[in-house]
Amino acid sequence: MTWTPHATVAVIVEDQQGRYLVVEEHSSGRIVFNQPAGHVEEGEAILDAVRRETLEETGWRVEPEHFLGVYTYKAPANGVTYYRFCYSARALEHVTDELDTGIIAAHWMHLEDIRQLGDKLRSPLVLECIEDYRNGRRFPLDVVVDAQT
């Protein structure tokens with residue numbers, strides 16, 4: 001049997017008021033909160049996935065600024081292992097209110113409000129990534145190399 005991990009991106013976007021961009025969405029029959037995040041599509045550069053997923057899920061155009069790390073998570077609901085490439089990005093402009101299927105809304109929330117969501121967070125990685133960002137974890141974008149053929 002072949003093991004197939006899933007490559008995803010997640011994006012930490014903080015505004016000037018110290019709020020973070022989060023997505024309220026349907027997942028496995030529940031309503032949960034997450035960073036803008038999603039699967040990297042075949043042949044897609046990771047930074048393009050960062051921009052695309054954020055736009056599709058929040059209506060915001062963003063520009064990636066730093067790489068935070070690769071986070072591994074095995075989801076108990078489906079047993080799938082996810083490799084989450086997490087980035088921080090700067091919000092450029094809100095361009096649409098039309099969001100991806102399954103997305104209820106995008107919200108700007110303070111960290112304490114996100115913490116209070118508890119088990120409504122899609123995974124423990126939501127807070128872990130924000131905490132790493134708040135603790136100054138930053139790597140240059142070119143630490144992840146997309147070799148285009």
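The phi-based Karplus calculation (6.51 cos²θ - 1.76 cosθ + 1.60; θ = phi - 60°) puts the 3J(HN,Hα) values of segment 66-75 at 9, 9, 9, x, 9, 10, 9, 8, 9, 6 Hz, whole numbers, x for Gly and Pro.
In whole angstrom, how far apart do the alpha carbon centroids of segment 102-128 and segment 6-72 sit? So the two Cα centres are separated by 12 Å. Multiplying the residue separation of LYS120 and ASP15 by 0.36 nm and removing their Cα-Cα distance gives an extension gain of 35.6 nm. Using a Gaussian network model of the chain whose springs link C-alpha atoms within less than 10 Å, name the residue from GLY69, GLY118, GLY29 with the highest mean-square fluctuation. Highest fluctuation among the options: GLY29. If we count every other residue with Cβ under 15 angstrom of PRO5's Cβ, Lys/Arg +1 and Asp/Glu -1, where does the sum land? With Lys, Arg at +1 and Asp, Glu at -1, the neighbours total +1.
Computed over neighbours whose Cβ is under 11 Å from that of TYR82, the net charge equals +3, Lys and Arg +1, Asp and Glu -1. Under 5 Å from the amide H of GLU65 lie the amide H atoms of SER88, ALA89, ARG90, each residue being 5 or more positions distant or on a separate chain, with H modelled from the backbone and absent for Pro and chain starts. Once neighbouring chains are kept in place and the probe is 1.4 Å, which whole percent of the accessible area of the chain is contributed by carbon and sulfur? Result for the chain: 48 percent of the exposed heavy-atom area is carbon or sulfur.
Direction-averaged projected area, Cα convex hull, the chain: 9.6 nm², rounded to one decimal. Average accessible surface for the chain: 56 Å² per residue, computed with a 1.4 Å probe over protein heavy atoms with every protein chain in place.
Length available on full extension from LEU111 to GLU44: 0.36 nm per residue minus the Cα-Cα distance, which gives 21.0 nm. GNM on the chain, alpha-carbon springs under 10 angstrom: the most fluctuating residue among PHE85, PHE33, PHE139 is PHE139. Highest GNM mean-square fluctuation among SER27, SER123, SER88, for the chain modelled with Cα contacts below 10 Å: SER27. Estimated from helices alone, the mean residue ellipticity of the chain at 222 nm is -5500 deg cm²/dmol (sum of -39500 (n - 2.57) over DSSP H runs with n ≥ 4, per residue). In the chain, the DSSP beta bridges split such that about 75 percent are antiparallel, to the nearest 5.
The values are calculated or read from the model by the stated rules, or taken from the named source; none is laboratory data. Computed from a predicted structure; not experimentally measured. Cβ coordinates were reconstructed from backbone atoms using ideal geometry, including for glycine residues, and neighbour counts include every protein chain displayed. When the accessible area is computed, the model is the full protein with side chains, heavy atoms only, and any ligands, DNA or RNA have been set aside. Shrake-Rupley method; radii C 1.70, N 1.55, O 1.52, S 1.80 Å.
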